[in-house]
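Everything below concerns the one structure shown next.
A short reminder: the numbers here are calculations on the coordinates, not readings from a lab. For clarity, every value in this text was computed on a predicted model and none was experimentally measured. Don't worry about glycine lacking a Cβ; one is built from the backbone with ideal geometry, like all the others, and counts go over all protein chains shown.
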Amino acid sequence: MSVDQATVRRVARLARIKVKEDSVERLAGELNSILHWIEQLNEVDVSGVEPLTSVVTVKMKMRKDEVTDGHNSKVAVSNAPAAEDDYFLVPKVIE
Amino acid sequence: MNDLTSLTIAAVRGGLRRREFSAVELTNAYLSNMEGARILNAYIVETPDKAREMAKASDAKLAKGEGGALEGIPLGIKDLFATRGIHTQACSHILDGFKPEYESTVTSNLWRDGAVMLGKLNMDEFAMGSSNETSYYGNVINPWRRNNSNTALVPGGSSGGSASAVAAHICAAATATDTGGSIRQPAAFTGTVGIKPTYGRCSRWGVVAFASSLDQAGPLARDVRDAAIMLKSMASVDDKDTTSVDLPVPDYEKAIGKSIKGLRVGIPYEYKSDGMSPEIQVLWVRGAQWLKEQGAEIIEISLPHTRYALPAYYIVAPAEASSNLARYDGVRYGLRVPGSDIVEMYENSRAAGFGAEVQRRIMIGTYVLSAGYYDAYYVRAQKIRTLIKRDFDQAWSKVDVVLTPATPSPAFAPGEISDPVQMYLNDIFTVTVNMAGLPGIAVPAGLSEDGLPLGLQLIGKPFDEETLFQTAAAIEQVAGGYKAPKWW
C-alpha cells in the first residue's frame, strides 16, 4: 500500500492538521518509508490468533454509580484560551 | 555544602534523620547546582520557592522525628506529569500556558512521602522521540562526552531531561515515563538506573497520555537501591485509573543484596542480530558471566516474534496517540490559532502547536485506523502483540528473568540520526517489554571504547519487579557506578 499526495491531504484533513501544500510531497515520502518498513508484519502468520486487548488479565474495576465530583465549571474553563461566564468560547458553528 | 548533592537517596535520608544537615540546606545545594548546569537544558522550569517551602516543611517534620520515606529528598519531575498550578506541557507548544488544576497520582504519592520538587524536566514532545530533539524547549545535553571530545551528545529520550539531571546530580532522582523505551534507553545513555514497572503498577492518572495501553511511569535514579526507593513511593493502587492493578506494593529495597544463586537467567537467541556492534556483544556476554559467577544459571531461550515488536509498535502507538491527541483542538486549553471557521481553527492550532514528529505519528495513526485499513494494520498488530506476549509466557516456564542489552549503541550527537525509522531502531531491545506489559530495568554495565556508558536490560515476569532489583543489584555490585566528569 502506497500513500499518494491525495491520501496525505485526506489524512491531514481527518487528523485536523493544516498541511502546507509544499510539504505534502515530503510527508508522502516519510509516511511511505515508515509504512514500507511496517509491511514486514505481513510475513507473520496470524491465523487463529486473537488480537490482544489487555496485557494484564484483570477484571474491569467497577465503582458505585454515584456523583463523586462536579460543580467545578470555573476550574474547568480556567485554562481555556477563550471563555465567558464559565463557557468555552468557539467561532460560530451554526449559521 | 555542595558535597550533599553527591549523596544517594539512601545515604542522604540517614543524614537528614540524624539532623547532620537540614532539608533546606540539601535543597539549596541542589538549586545552586541547577543554576550552574543550565547549559544542559535539563530543566525547563525551576521552582526554587516551592522547593524551599517544601524543604522547610520537611525540616519541621524531621525535627519532630516524623516524616515519610522520601522526606526532604529533592526530585525533578518530567513535564508529562500534571503538577497543580505549575507548568505542565509535555514539552509541546500546543499546551501553551497550561497549568493544571489537579495533581497526578504519582507526584501526589511522592509529595505524600515528603519529597521536594525542584522543577519540571525537559523531554521529547508528548514523549515521542529517542533523543530529546523533538522538545519544543530545545535539546537536552548529555553530561557524558566521548573521550577527548567536546562534542555535545544526546541524553536519549523521551525522558532525556530526567536522565541528564540524574546523571549531572542536579536532582536526587527523577520521575520518568516509558512507552517504548523512554526510561531505559536514556538510563543506558547516561549511566543511570531506570525501571519501567509492569503495566498497571503506577497510576497513569494525571500523566499526559501518549499510547494508553503502553504508557507506564517509573523512576530514573543513580543506583539500583535509589530506583527501588523511588518506585516504592511512585507505585500505588488507584481508583482513578481503571488499569491500575489491585496488588500491594512490596518493599522493593528488601530484594537488594539477596543472593542470586540458582536464579535462571534467559538469554534470548533472537536478540543476537547480525548488526550488533562488537562492544554491545561483549557487554552482554560479560554481564551473563557476572551473574553466572554469582551462582545464576544461564539458559538460552527463544522469543521468536522479537523482530516484529518494533514495526507492530509503530502501528499501535501512533494509533492510540492519534486518538489521545485529538483533544488538543484549541478550545479547552493551550494554544489557539484563529481560522475562518471552527474546523480551520482546529487545523491551524494543531499545525502550529504540534512539532514535526508528533504530526507524523498522528498522521500514521489516523491512516492505520482509517476506513478499510483497520484490519490490515491495527488488528494485525494487536494479533502480533498476542504472539509477543505468548513468547514470554512460554519463556517463564524455563527462566526467572531475561538479560539483554539495553540499546544498540551508546549516546550519539544531535542531528546524527535524521531518518525517522533509524531513530525508531533505538528502541529495538526495549519495545517488546511494553508490547507485553512486562517490567524492565536498565542498569549501567560498562563503558564504550569512546568512554560512554552502556547499559544492560533485565526483563521480568509481570509484577516481579523484586527479581529485577535483585538481579540488577548483582550486576551493579560488579560493574560499579558511573559518573560523568564535570565540565559544565
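Residues B:229, B:183, B:170, ranked from the fewest to the most other C-beta atoms within 10 Å, line up as B:229, B:170, B:183.
Check cross-link reach from residue B:292 to the aspartates and glutamates: straight Cα distance under 16 Å, and skip same-chain residues fewer than eight apart. Those aspartates and glutamates meeting the cut-off are B:300, B:400, B:476.
From the cross-link list B:78/B:232; A:61/B:461; B:258/B:389, which pairs have alpha carbons spaced over 20 Å apart? Mind dumping the intermediate values first?
Details: B:78/B:232 18 Å; A:61/B:461 23 Å; B:258/B:389 28 Å.
As for pairs spanning more than 20 Å Cα to Cα, those are A:61/B:461; B:258/B:389.
Note on chain B: antiparallel DSSP beta bridges, both residues inside, total approximately 65 percent of the bridges counted.
Farthest toward the positive end of the dipole of chain B, out of B:55, B:424, B:152, is the Cα of B:55, where the dipole comes from beta carbon charges about the Cα centre.
Please give the charge dipole size of the range B:355-442, origin at the Cα centre, charges +1 on K and R Cβ atoms and -1 on D and E Cβ atoms. Round to the nearest 20 debye. Don't skip to the end; give the middle numbers.
Values: 8 positive and 8 negative charges, 66 e Å.
Using Cβ point charges on Lys, Arg, Asp and Glu, the range B:355-442 gives about 320 debye.
Here the Debye sum runs over all C-alpha atoms of chain B as equal scatterers in vacuum, and log10 of I(q)/I(0) at q = 0.07, 0.09, 0.12 Å⁻¹ comes out as -0.33, -0.55, -1.02.
Amide H to amide H distances under 5 Å link residue B:297 with B:262, B:263, B:264, B:265, where only residues 5 or more positions off or on other chains count and H is placed in the peptide plane. Mean partner shielding of peptide B:378-389, defined as the number of other chain Cβ atoms within 10 Å of each residue Cβ, is 5. Centre-to-centre separation between the Cα atoms of the range B:356-390 and those of the range B:236-306: 28 Å. Have a look at B:104, B:411, B:348 and report the one farthest towards the positive end of the charge dipole of the protein assembly as shown, computed about the Cα centre with Cβ charges (Lys/Arg +1, Asp/Glu -1). The residue sitting farthest along the positive end of the dipole is B:104. Placing unit charges on the Cβ atoms only, positive for Lys and Arg and negative for Asp and Glu, gives the protein assembly as shown a dipole magnitude near 940 debye about its Cα centre.
Separation of the range B:468-488 and the range B:187-234, taken as the distance between their Cα centroids, equals 17 angstrom.
Using the average count of surrounding beta-carbon atoms within 10 Å as a protection proxy, the listed peptides B:263-274, B:476-487 rank, highest first, as B:263-274, B:476-487. Once you reduce the range B:412-456 and the range B:90-167 to the center of their Cα atoms, the two points are 17 Å from each other.
Return B:84, B:361 ranked ascending by Cβ neighbour count within 10 Å, so the fewest neighbours appear first. Spell out each step's value before the answer.
Working: B:84 15, B:361 26.
Going from least to most buried by this count: B:84, B:361.
Taking Cα centre as origin and charging only the Cβ of basic (Lys, Arg, +1) and acidic (Asp, Glu, -1) residues, the dipole magnitude of chain B rounds to 680 debye.
The aspartates and glutamates within cross-link reach of residue A:64, meaning a Cα-to-Cα straight distance under 16 Å and a gap of 8 or more places when in the same chain, are B:238, B:239, B:241.
By count of other Cβ within 10 Å, fewest leading, how are B:396, B:284 ordered?
On the way: B:396 18, B:284 23.
If I rank by nearby Cβ atoms, fewest first, I get B:396, B:284.
So what is the calculated 222 nm ellipticity per residue for chain B, using -39500 (n - 2.57) for each DSSP H run with n of 4 or more, over all residues, to the nearest 500 deg cm²/dmol? Working shown, then result.
On the way: 15 runs with 172 residues, N = 488.
One gets -11000 deg cm²/dmol as the mean residue ellipticity at 222 nm.
Between the residues B:377, B:313, B:220, the greatest Cα displacement towards the positive end of the dipole of the protein assembly as shown, with unit charges on the Cβ of Lys, Arg, Asp and Glu, is found for B:220.
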